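The next block holds one structure in the form of structure tokens; read it before the comments.
The values are calculated or read from the model by the stated rules, or taken from the named source; none is laboratory data. Here the structure is a predicted model, which means the values were calculated and not measured. Neighbour counts run over all protein chains shown; Cβ positions are idealised from the backbone, glycine included. Surface accessibility is based on the protein's heavy atoms, side chains included, excluding ligands, DNA and RNA. Shrake-Rupley method; radii C 1.70, N 1.55, O 1.52, S 1.80 Å.
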Amino acid sequence: MFTGIVEQKGTVTQVAESGEGRRVVITSPLLADVAVGASISVNGACLTAVECNDGSVTLDVIPETLARTNLGELAEGAEVNLERPMPAAGRFDGHIVQGHVDGTGKIRSLTREEPGAVVMTIDTQPELLRYIVEKGSITVDGVSLTVASVDDLGFSVALIPHTLEVTTLGLRTQGDTVNLETDVLAKYVERLVSR
């Protein structure tokens, strides 16, 4: 389980085809103590370390993950958001994040506000939008955020300067694709009510 509080950004140092999937190498000081088999949230997608080497980890990205996320767009030199799983005795600062990306959204607009904040509006599919509510939780590229507003095509989130600085959301532009994980509680409630 993750919290959506990004610990550090990492850099993609290698991307290679691997069967129908990809093998990605990411480097960051955060990864220095990661062991083979460990889970790591990369732009919100939970991936497993298959090789570890002094601050670099190799991760396999399978076709299912490529179909549901923006990880297929990664190239050498790209920055990604990283979070290690929450320890059992850890502090819970974000919200319940599984690292199971539901799908993607496309940035409709970025509106600058004072003092240095940005409102990001993201369009997404109706099957995801039904789980998104105003003042609810959403994970965008692995970052736990509060939904500011919802309309028929998407939703908006307000990004403070700190979030823009320490995550890759500060690098995003209009038209970019972002990973989305909706609140897991909404999915369970829908399933229970439908039965």
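Observations on the structure shown:
- Restricting the first member to segment 146-175 and to residues that are without any contact (Cβ under 8 Å) to a residue 60 or more places away in the chain and within 14 Å of ARG112 (Cα to Cα), and the second to residues that are loosely packed, with under 15 Cβ neighbours inside 10 Å and of a type in the set (Phe, Trp, Tyr), no beta-carbon pair is closer than 8 Å while six or more apart or on different chains.
- Condition met for LYS135 (charged (D, E, K, R) and in a strand (DSSP E or B)): no
- In segment 8-40, residue nearest to VAL143 (Cα to Cα) [restricted to those that are in contact with a helix residue (DSSP H, G or I) (Cβ under 9 Å, 6 or more places away or on another chain) and surrounded by fewer than 15 Cβ atoms within 10 Å (Cβ to Cβ)]: GLU20
Condition check ((1) part of a loop (DSSP other than H, G, I, E, B); (2) touching a Lys or Arg at 6+ places or on another chain (Cβ under 9 Å); (3) more than 26 Å from ARG91 (Cα to Cα)) across all residues:
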site	(1), (2), (3)
LYS9	no, no, no
VAL12	no, no, yes
GLU17	no, yes, yes
VAL25	no, no, yes
GLY37	yes, no, no
SER41	no, yes, no
LEU47	no, no, no
VAL57	no, no, no
GLU64	no, no, yes
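- Flag for PRO85 being closer than 27 Å to VAL25 by Cα and open to solvent by 20 Å² or more (accessible area, probe 1.4 Å): yes
- Given (1) over 30 Å from GLY77 (Cβ atoms); (2) loosely packed, with under 12 Cβ neighbours inside 10 Å; (3) not hydrophobic (A, V, I, L, M, F, W, C), index of the condition HIS162 fails: (1)
- The set of residues from segment 112-126 being modelled with pLDDT of 95 or more and open to solvent by 70 Å² or more (accessible area, probe 1.4 Å) comprises just one member, PRO126.
- Restricted to segment 88-111, and to residues there that are of a type in the set (Val, Ile, Thr) and part of a loop (DSSP other than H, G, I, E, B), the residue that is most open to solvent (accessible area, probe 1.4 Å) is ILE96.
- Hey, GLU181 open to solvent by less than 60 Å² (accessible area, probe 1.4 Å), closer than 24 Å to ILE40 by Cβ, acidic (Asp, Glu) and within 17 Å of the chain's Cα centre (by Cα) or not: yes
- Selection within segment 41-79 - on the phi > 0 side of the Ramachandran plot and open to solvent by 70 Å² or more (accessible area, probe 1.4 Å): ASP54
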